[in-house]
1. Keeping to segment 173-198, report how many residues are assigned to a loop (DSSP other than H, G, I, E, B) and either among the hydroxyl-bearing types (S, T, Y) or modelled with pLDDT of 95 or more (or both).
2. If we keep just the residues of segment 141-172 that are within 21 Å of L108 (Cα to Cα) and not in a strand (DSSP E or B), which is least open to solvent (accessible area, probe 1.4 Å)?
3. Can you confirm whether T120 is closer than 22 Å to Q53 by Cβ, open to solvent by less than 10 Å² (accessible area, probe 1.4 Å), polar (S, T, N, Q) and in a strand (DSSP E or B)?
4. May I ask you to list the residues in segment 27-42 that are touching a strand residue (DSSP E or B) at 6+ places or on another chain (Cβ under 9 Å), more than 25 Å from L167 (Cα to Cα) and of a type outside the set (D, E, K, R)?
5. Just the residues that are in contact with a strand residue (DSSP E or B) (Cβ under 9 Å, 6 or more places away or on another chain), open to solvent by 80 Å² or more (accessible area, probe 1.4 Å) and not hydroxyl-bearing (S, T, Y), please, taken from segment 176-203.
6. Would you confirm, using the coordinates I've provided, whether L64 is at pLDDT below 95 and either buried (at least 19 other Cβ atoms within 10 Å of the Cβ) or of a type in the set (A, V, I, L, M) (or both)?
7. Which of the residues spanning segment 36-61 are open to solvent by less than 70 Å² (accessible area, probe 1.4 Å) and among the hydroxyl-bearing types (S, T, Y)?
8. Need the failing condition index for K69 against (1) within 21 Å of P22 (Cα to Cα); (2) surrounded by 20 or more Cβ atoms within 10 Å (Cβ to Cβ); (3) touching a Gly at 6+ places or on another chain (Cβ under 7 Å), just the number.
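The values are calculated or read from the model by the stated rules, or taken from the named source; none is laboratory data. Just so it is clear, the model here is predicted, and its values are computed rather than measured. Positions of Cβ are backbone-derived with ideal geometry, glycine not excepted, and every protein chain shown enters the neighbour counts. What goes into the accessible areas is simple: the full protein's heavy atoms, side chains included, and nothing from ligands, DNA or RNA. Shrake-Rupley method; radii C 1.70, N 1.55, O 1.52, S 1.80 Å.
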Amino acid sequence: MNQHSTKIRIVHPPARPLAITPPQILGPFYPVCERPDLAADLARPSDSGAEAQGQLIHVRGRVLDRLGKPVSHARIDIWQANAGGKYRHPSDTNPAPLDPNFKGFARLTTDATGHYSFRTIKPGRYPTAEGDMRPPHIHFDVEGQFDRLVTQLYFAGEAENQTDRWLNAAPHPERLIVTLQEFPSYPETRALGANFDIVLATG
């Protein structure tokens with residue numbers, strides 16, 4: 001090989017931008033009578049010494065922009081029904097009882113690397129005013145520096161996922177569905193966990 005030959009530098013094309021997390025409706029039960037709990041533990045409210053009823057779950061993930069960069073200090077409001085499918089909201093006519101140890105409304109902030117996590121219980125399914133049955137889901141309202149996204153997290157294996165009009169209206173509903181599984185790092189023997197990354201259009 002000629003000692004004066006020039007090495008060819010291979011330039012890789014930029015990675016394909018990440019797909020934005022599909023948006024969902026805000027829903028009729030965004031909390032209006034409760035202040036969000038600022039602790040990341042919905043299963044044990046800060047003013048209660050008892051645990052909420054239901055299957056304990058941990059949800060964790062990152063908030064990213066389309067280039068894969070973490071969105072630090074993003075605000076995340078989360079709200080959900082209790083294990084019986086009842087929201088703590090005056091407009092919820094579901095006859096299921098309220099859980100005195102479950103508010104179902106919290107506010108989180110991502111860390112410098114875009115990570116968030118919270119502990120809660122798996123919400124129950126519930127009937128709508130139109131007679132449909134909504135699958136278990138958790139609402140997210142995510143505000144970055146330049147963008148806001150309202151979406152919902154669903155759980156794999158729920159029969160109502162197949163017929164839910166809001167989930168199936170999403171362009172890629174599979175991006176909103178997580179699989180609960182055991183994580184050795186969680187101290188509770190009966191707790192399950194899932195990862196849910198959220199992609200905003202901009203940071």
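1. 7
2. Per the stated criteria, the residue is G144.
3. Considered against the rule, which asks whether it is closer than 22 Å to Q53 by Cβ, open to solvent by less than 10 Å² (accessible area, probe 1.4 Å), polar (S, T, N, Q) and in a strand (DSSP E or B), T120 comes out as yes.
4. Those that are touching a strand residue (DSSP E or B) at 6+ places or on another chain (Cβ under 9 Å), more than 25 Å from L167 (Cα to Cα) and of a type outside the set (D, E, K, R): P36, L38, A39, A40.
5. Going through segment 176-203, the residues in contact with a strand residue (DSSP E or B) (Cβ under 9 Å, 6 or more places away or on another chain) turn out to be 176-183, 185-186, 188, 190-201, 203.
Within this subset, residues satisfying the condition of being open to solvent by 80 Å² or more (accessible area, probe 1.4 Å) are 179, 181-182, 185, 190, 195.
Answer for segment 176-203, where residues must be in contact with a strand residue (DSSP E or B) (Cβ under 9 Å, 6 or more places away or on another chain), open to solvent by 80 Å² or more (accessible area, probe 1.4 Å) and not hydroxyl-bearing (S, T, Y): Q181, E182, R190, N195.
6. So L64 does not fit the description; no.
7. S48
8. (2)
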